[in-house]
Amino acid sequence: MIWGQLVGKALVSGVVIALASEVARRNPGWGGLIASLPLTTLLALIWLWRASDDPGRAADFLIGTVLYVIAALPALIGIAVLLRQGAGFAPSLGAGVLLAIGGYLALGAVGRALGWPV
């Protein structure tokens, strides 16, 4: 890969993240909407397609993305619940990381048994 392409990808991705966090400072709902948009996924899909031109790989990437998003949802909900209950940010984030790891491990075990692209 050419370094210029890598830098371009990083800049575009960084702008999306910065935009979501800045909008969230003013309006958490709109920031959440931006963060939930599949912009990163679509950008990654475009870059994957340009690199491989492989429909099967692209489809597996998208299916894997959906499955991992589902596995991560309990972590996001857990962090929100803990923060609403007054837990500190660091402990809430730590618990969320543990929940995410658990979700990913469970998805990996089930997904491999079922032949899913995880």
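The values are calculated or read from the model by the stated rules, or taken from the named source; none is laboratory data. These numbers come from a predicted model, not from an experiment. Glycine also receives a Cβ, built like all others from the backbone with ideal geometry; neighbour counts cover every protein chain displayed.
Looking at region 79-107 only, could you name the residues that are under 16 Å from the mean Cα position of the chain (by Cα) and of a type in the set (G, A, S)? Passing the criteria: G96, A100, G102, G103. Beta carbons closer than 8 Å, at least 6 apart along the sequence or on distinct chains, pair a first residue in region 1-21 that is closer than 14 Å to A44 by Cα with a second that is surrounded by 12 or more Cβ atoms within 10 Å (Cβ to Cβ) and of a type in the set (S, T, N, Q) for S13/T40; V16/T40.
The single condition among (1) within 16 Å of the chain's Cα centre (by Cα); (2) closer than 27 Å to G103 by Cβ that G29 does not satisfy is (1). The single condition from (1) touching a Ser or Thr at 6+ places or on another chain (Cβ under 9 Å); (2) β-branched (V, I, T); (3) surrounded by fewer than 16 Cβ atoms within 10 Å (Cβ to Cβ) that I46 fails is (1). When region 22-36 is limited to residues that are within 23 Å of A10 (Cβ to Cβ) and surrounded by fewer than 12 Cβ atoms within 10 Å (Cβ to Cβ), the one that is modelled with the lowest pLDDT turns out to be S36.
Here is a list: V69, V16, V12. Which entry is under 13 Å from the mean Cα position of the chain (by Cα) and not assigned by TED's automatic domain parsing to the domain that holds W116? Steps first, answer last, please.
Values: V69 fails: not assigned by TED's automatic domain parsing to the domain that holds W116; V12 fails: under 13 Å from the mean Cα position of the chain (by Cα).
Of V69, V16, V12, the one residue that is under 13 Å from the mean Cα position of the chain (by Cα) and not assigned by TED's automatic domain parsing to the domain that holds W116 is V16.
The single condition among (1) assigned to a helix (DSSP H, G or I); (2) not assigned by TED's automatic domain parsing to the domain that holds G4 that A87 does not meet is (1).
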